[in-house]
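To start, the structure under review is shown below, and the notes come after it.
A short reminder: the numbers here are calculations on the coordinates, not readings from a lab. Nothing here was measured: the structure is a model prediction, and the numbers come from that model. Cβ placement follows ideal geometry from the backbone for every residue including glycine, while neighbour counts extend to all protein chains displayed.
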Amino acid sequence: MTIETSAVPASAQAVPLLRVRDLRVTLPSAMGVAAVPVVDGVSFVVHRGETLAIVGESGAGKSITAAAVMQLLPDGARVTGSIDFNGRELTQLDERALQSVRGREIGLVFQDPSTALNPMYSAGWHVTEAVTLARALKGKAAKEAAHAVLLQVGFPSARFHAYPHELSGGMRQRAMLAIALAGEPQLLIADEPTTALDVIASGRIRALLAELRHQRGLSLWVISHDLPMVAELADRVVVMYAGEVVEHGPAHRVLRAPAHPYTRDLLECLPPMGGHSTRDHRHRLPVIPPADSVPSEGCRYAPRCRDALALCHAEHPTLRPTADGEARCILVPATGDAQ
């Protein structure tokens, strides 16, 4: 597969729109079971006008990270670290102040539109309600604004009164995008925006996200398993594994010359063009281990890594500089040695 990536926009050199520092999230556990962090020391930035992708398998902590930024975690969750959005520390805001951020300044496209949309209400109702809440519009003005944002995401006016079960997966996803964009946010978080879509619908959603980014000057944060989509949309990539960032850097470098064995293994799992593979299937990525089997010492990926050394099982690696990013692996040359 040929990987094409977009160039980092000049605006990305300015002060970041979102800066997350040392984020740790611990969710409430079952009685008698010690709680463990599901997000453990994660740091990254989203620059103005760029697309950042966070990738990794299920359970890596990607969606929980987004939920922490939006302050939408379940009761009992414990969050430490810093979440600075546009100069404001979100972890210090009360619920009323957060409501002015959600929807108005940060839009979120939930992972599964089939469950995120209320089956009792039409697509148009959902978007009108979002416009009403985010822009304080009412009546005819709210409906007109809802029609406008639906048209912008390619949702036909004739389907305004259609219910979720009457829509295709692609149309439901467009409705979710319209809801997220109703408040004209600066940052759009799209959590698995192509999940469960066919190839044609997925391609259309990818093209739509790219178009919306440029039309609106959006910053876009994509959470996805879909590496071809990430290659098409992202300026930078953050790779997460077992709650940690294991690699980050420009998309063209991370996806073409990964520094961490996990990133390499994810890329080797991609289906080859033409339908047949020349890969050695002895190197197939092992199944995802249960959360409680993550080692307490050493590298968290070591039990699945074909390059693991004895030291990997004893020493927990820190992020080491690469040519233009970082990777959490002792096989990465020490500071000053990276080329």
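Restriction of the chymotrypsin sites (Phe, Trp or Tyr not before Pro) in segment 80-168 to DSSP coil positions whose beta-carbon has at most 14 other beta-carbons within 10 angstrom yields Tyr121. For Val246, the residues 5 or more places off, or on other chains, whose built amide H falls under 5 Å of its own are Val239, Met240, Tyr241. Just checking the listed ones, Glu192, Glu50, Glu144: in the Gaussian network model of the chain with Cα springs under 10 Å, the one fluctuating most is Glu144.
Just subtract the alpha-carbon distance of His161 and Leu93 from 0.36 nm times their residue separation and send over the number in nm, one decimal.
Taking 0.36 nm per residue and subtracting the Cα distance, the gain is 20.8 nm.
In plain terms, the chain from Arg216 to Ser114 could stretch by 34.1 nm, reckoned as 0.36 nm per residue minus the Cα-Cα distance. Using C-alpha pairs below 8 Å separated by at least 6 residues, the relative contact order for the chain is 20 percent. With each label modelled as a point 7 angstrom along the Cα→C-beta vector, the Glu144-Ser82 pair spans 4.5 nm. Along the chain, counting only trypsin sites (Lys or Arg not before Pro) with a DSSP assignment other than H, G, I, E or B and at most 14 other Cβ atoms inside a 10 Å radius, the longest segment between sites is 139-278.
For the chain, what is the mean residue ellipticity at 222 nm derived from helices alone (per DSSP H run of n ≥ 4: -39500 (n - 2.57); sum divided by total residues; nearest 500 deg cm²/dmol)? Computed ellipticity for the chain at 222 nm equals -8500 deg cm²/dmol. Under 10 Å, Cα contacts only: if you run a Gaussian network model on the chain, which one of Cys269, Cys299, Cys329 comes out with the highest mean-square fluctuation? Evaluated over the chain, the most mobile residue of the options is Cys269. The residues Thr194, Thr132, when put in order of fewest to most other Cβ atoms within 10 Å, stand as Thr132, Thr194. One compactness figure for segment 46-114 is 1.17, namely its Cα radius of gyration divided by 2.2 N^0.38 Å. Ranked by how many other Cβ atoms sit within 10 Å of their own Cβ, fewest first, the residues Ser122, Ser224 fall in the order Ser122, Ser224.
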